[in-house]
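Okay, structure first, notes after.
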Amino acid sequence: MHRILFATTAIGLIAAPLAADELRDAALEYFVPLPSTLMAPKDNTITPEKIDLGKALFFDPRMSASGVFSCNSCHNLATGGDDNMPVSIGHGWQTGPRNSPTVLNSVFNVAQFWDGRAEDLKAQAKGPVQAGVEMANTPENVIATLNSMPQYVEWFKGAFPEEADPVTFDNFAKAIEAYEVTLTTPAPFDAYLNGNIDALDADEKEGLQLFMDNGCVACHNGVNVGGHDYYPFGLIEKPGADILPEGDVGRYAVTETADDEYVFRASPLRNIELTAPYFHSGVVWGLKEAVQVMSISQLGAEMNDEETDKIVAFLGSLTGEMPEVIYPVLPTETDTTPRPTGEIIPEGLAE
């Protein structure tokens, strides 16, 4: 409850401009720079072999029933880690109910999906594969596909050398998690937090101060500048049905707790300028408009154009350097590889 009180009482407490070192010191109360080493996810030791296998699986469309869609289809590493569409197109050209979140830096989120129903990246990797509107596959067919290609079998043995039968759906998910852990994007804001005061320009620094003074940090803080907890969308003033569709009750669908109705995981803001359109509904295309919507709905205050522009400038400092991505050469199919199908199966959960 106290986090909501912070968000509402922070409005209007705009401090005088801070000196450069003071501003950084204040920022360090809320934000954490990206770590210099890979995160160690629970129950999944990261190795080069596991990363390489996960990369192949991430890009392989044969993990879908149709042979058309891969993880990269909705989480495109060339376009900010998402697909830059309101909602994703999947199996049989169906569309999902929510906007696809970025995969970049997703290892730092408290949980995955807008409603947090997947506790980690391993759990998330299993979801879209089985969702009828996404990849529409089954664990059994995924394993049959992998076992039909000797190269994949060898890669699984190399990635999970202690296991007698390593080609499993759990290991499929662990390998994808291992690859996604590497998808971090150090940004100018990290350099600033680490002591390079000149890493941000004057407008970005003013935007940072406004971001803190206006209370945006109540929901968007930590290493991913969000993604660490759940909050009501429309804390002060609920957006219209065009932005907050009535049929999507958010985290309530997971917990069935009344307080979680229209509650969503706070969006992580790293690389936010690359991932339009915004919100779980994917209906707002401009970052400036998104900031204004959040100002009214979450803070109960309307920022003027100058303030909004400076916050947008600060958000630009969260755009990071992408890891080098070389498209993998995938194993060759054999006569026993399951054939693609366009059959529509009952709808599963999506982003």
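The values are calculated or read from the model by the stated rules, or taken from the named source; none is laboratory data. Note that the structure is predicted; figures quoted are calculated from it, not measured. With ideal geometry, Cβ positions are generated from the backbone for all residues, glycine too; neighbour counts draw on all protein chains shown. The protein model used for the area step is the full one, side chains on, heavy atoms only, and it has no ligands, DNA or RNA in it. Shrake-Rupley method; radii C 1.70, N 1.55, O 1.52, S 1.80 Å.
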(message) Suppose the chain between Ala123 and Thr45 were pulled fully straight at 0.36 nm per residue; how much longer would it get relative to their current alpha carbon spacing?
(response) 26.5 nm
(message) How large is the accessible surface of Ile243 in square angstrom, using a 1.4 angstrom probe and rounding to the nearest 10?
(response) 20
(request) At 7 Å along the Cα-to-beta-carbon direction for both Asn196 and Ala253, put a label point, then send me their distance in nm to one decimal. (result) 4.1
(message) Tell me the per residue accessible area of the chain using a 1.4 Å probe; a whole number in Å² is fine.
(response) 44
(request) With everything on Cα atoms, drop me the angle between helix 121-130 and the longest principal axis of the chain, reported from 0 to 90° to the nearest 10. (result) 60
(message) Using the Kirkwood radius over C-alpha pairs as Rh, can you work out the diffusion coefficient of the stretch 148-188 via Stokes-Einstein at 10 °C, viscosity 1.306 mPa s, in µm² per second?
(response) 138
(request) State, as an integer percentage, the relative contact order of the stretch 177-302 based on alpha-carbon contacts under 8 Å between residues 6 or more apart. (result) 23
(message) Explain nothing, just the number: relative contact order of the chain, from Cα pairs under 8 Å at least 6 residues apart, as a whole percent.
(response) 27
(request) Just tell me which lysines come within less than 22 Å, Cα to Cα, of Lys174; anything on the same chain fewer than 8 places away is out. (result) Lys42, Lys50, Lys55, Lys122, Lys126, Lys157
(message) Taking amide H atoms as placed 1.01 Å from N in the peptide plane, list the residues 5 or more away in sequence, or in a different chain, whose amide H sits under 5 Å from that of Phe31.
(response) Gly222
(message) With θ taken as phi - 60° and the coefficients 6.51, -1.76 and 1.60, list the Karplus ³J(HN,Hα) couplings across the stretch 230-238 in order, rounded to whole Hz; mark glycine and proline as x.
(response) 10, 9, x, 8, x, 4, 9, 9, 5
(request) May I ask you to give the percent of accessible area on the chain that is carbon plus sulfur, with a probe radius of 1.4 Å? (result) 54
(message) Straight-line reach only, C-alpha to C-alpha below 23 angstrom: list the lysines that Lys205 could link to, leaving out same-chain residues fewer than 8 apart.
(response) Lys288, Lys310
(request) Could you pull the Cα extents of the stretch 27-102 along its three principal axes, largest to smallest, in whole Å? (result) 46, 34, 23
(message) Quick one: 3J(HN,Hα) in Hz for the stretch 261-278, Karplus 6.51/-1.76/1.60 with θ = phi - 60°, rounded, Gly and Pro as x.
(response) 5, 6, 9, 9, 5, 4, 5, x, 9, 4, 6, 5, 6, 9, 10, 4, x, 10
(request) Return the tail of the calculated pair distribution for the chain, meaning the percent of Cα-Cα pairs more than 32 Å apart. (result) 33
(message) Return the equivalent ellipsoid semi-axes of the stretch 90-234 as a descending list in whole Å, where each equals the square root of 5 times an eigenvalue of the C-alpha gyration tensor.
(response) 38, 20, 12
(message) With viscosity set to 1.567 mPa s at 4 °C, what whole-number translational diffusion coefficient in µm²/s follows for the stretch 207-312 from Stokes-Einstein and a Kirkwood radius over Cα pairs?
(response) 91
(message) Nearest 500 deg cm²/dmol is fine: what mean residue ellipticity at 222 nm does the chain get from its DSSP H runs of n ≥ 4 alone, each adding -39,500 (n - 2.57), divided by its residue count?
(response) -9500 deg cm²/dmol
(message) Give me a comma-separated list of calculated 3J(HN,Hα) values for the stretch 204-219, in order, Karplus coefficients 6.51, -1.76, 1.60 applied at θ = phi - 60°, integers in Hz, x for any Gly or Pro.
(response) 5, 5, 5, x, 4, 5, 5, 4, 7, 5, 7, x, 4, 5, 4, 10
